1. Among the residues of the stretch 192-205, are any part of a helix (DSSP H, G or I), among the acidic types (Asp, Glu) and surrounded by 14 or more Cβ atoms within 10 Å (Cβ to Cβ)?
2. Here are some conditions: (1) touching a strand residue (DSSP E or B) at 6+ places or on another chain (Cβ under 7 Å); (2) within 14 Å of the ligand (Cβ to nearest atom); (3) more than 21 Å from residue 120 (Cβ to Cβ). Residue 10 meets all but one. Which one does it not meet?
3. Answer with yes or no whether residue 85 is within 11 Å of the ligand (Cβ to nearest atom), crowded, with 16+ Cβ neighbours inside 10 Å, under 22 Å from residue 177 (Cβ atoms) and over 12 Å from the mean Cα position of the chain (by Cα).
4. With the requirement that a residue be more than 14 Å from residue 63 (Cα to Cα), more than 12 Å from the chain's Cα centre (by Cα) and in a helix (DSSP H, G or I), what does the stretch 108-135 give you?
5. Please work out which residue is farthest from residue 191 (Cα to Cα), limiting yourself to the stretch 25-40 and to residues that are away from the ligand (no atom under 13 Å from the Cβ) and part of a helix (DSSP H, G or I).
6. Which of the residues belonging to the stretch 54-95 are among the charged types (D, E, K, R), in a helix (DSSP H, G or I) and within 17 Å of residue 115 (Cβ to Cβ)?
7. I need the full set of residues from the stretch 57-71 which are closer than 20 Å to residue 17 by Cβ and out of contact with any Ser or Thr (no Cβ under 7 Å at 6 or more places or on another chain), in order please.
8. Suppose we keep only residues that are more than 6 Å from the ligand (Cβ to nearest atom) and open to solvent by 20 Å² or more (accessible area, probe 1.4 Å) within the stretch 41-51. Which one would you say is nearest to residue 88 (Cα to Cα)?
Amino acid sequence: MPTEKKTFFITGAGRGLGADIARSALAAGHNIVATGRSVQSVEQAVGPHERLLVLPLDITDLTQAQSAVDAAVGRFGRIDVLVNNAGNFIAGFFEELSPAQVQAQVGTLLFGTMNVTRAALPVMRKQRSGQVVSISSAAGIVGQQLCTAYAAGKFGVEGFMESLAEEVEQFGISTTIVVPGFFRTELLTPESTSWSELTIDDYGEQTAQNKTAWDGMNGQQPGDPAKLAEALIGLIDSDEPPARWVAGADAVATVEGKARTLIAQVDAHRALSSSLAHEEVAA
Ligand SMILES: NC(=O)c1ccc[n+]([C@@H]2O[C@H](COP(=O)([O-])OP(=O)(O)OC[C@H]3O[C@@H](n4cnc5c(N)ncnc54)[C@H](OP(=O)(O)O)[C@@H]3O)[C@@H](O)[C@H]2O)c1
């Protein structure tokens, strides 16, 4: 049991990782506000429990986020840990994604995360304590084909969270970015993955092949979301929760590779890069 009972507020708790995080946090003795677009799904996945409050929340709706935060505070009096988990995957080559699809993807992954964080921060600021946890992705560190919109959203989450950390530390609020590799949730099912709605002949064959390949990955992902959830609750309850936690051996390799690539890119042009100041500054 944790030494201190906290109140968690979790988005996208009706299935996948969010449901596992809610169950693990409940098992650890915390109060849980589990939210989702379908209250019924969240109740089925997590509840019932005396320390559980289930609320409707589509994270793209700032007003609903505010109402959910108000209801959470009404029930438990505080919010100690916000877990920005909700997300989806809009896949496809950039040119075949419609502008509306790109906006919808970034609207959920980044602006949705910002909406819920915006609603929760005043509560944490008043408390002078709190923790904002956002689920990013290995695709938030390294770009790859078919992920232009998804990576744009997740890179955005990384930049948002890193910058926010510096603004809210003064109020006793800490941040944790979670960087998962492939975990066996429902993300690659048709309920969570949708494909580009435009068709361009030059991409046609590759798109068809990629759809088949990604379909084949569904159910084969190496990561166990229940293990991730339990480990995450352990880290959140630790004395020093990490600013970034890379989850899964595949993600560790991806992030390490990116770190090496960045150093190599800096080294390749170090002298040129460092020679661009005004003459009086250089002197
Ligand atoms: N699984 C992986 O391999 C993996 C890897 C890296 C990062 N991630 C990230 O992990 C997080 C959880 O995804 P998952 O893998 O657990 O996928 P999942 O099984 O498909 O679950 C996604 C959850 O997000 C919810 N959601 C989607 N859009 C929402 C919205 N606008 N408002 C509220 N809830 C919304 C879904 O609710 P509905 O039931 O209403 O659709 C569902 O509960 C996501 O941020 C995802 O990007 C996953």
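The values are calculated or read from the model by the stated rules, or taken from the named source; none is laboratory data. Nothing here was measured: the structure is a model prediction, and the numbers come from that model. Glycine also receives a Cβ, built like all others from the backbone with ideal geometry; neighbour counts cover every protein chain displayed. Keep in mind that these areas ignore ligands, DNA and RNA; they rest on the heavy atoms of the full protein, side chains included. Shrake-Rupley method; radii C 1.70, N 1.55, O 1.52, S 1.80 Å.
1. no
2. The one condition residue 10 does not meet is (3).
3. no
4. Passing the criteria: 121, 122, 123, 124, 125, 126, 127.
5. My answer is 27.
6. Within the stretch 54-95, 70 is the sole residue that qualifies.
7. 58, 65
8. 45
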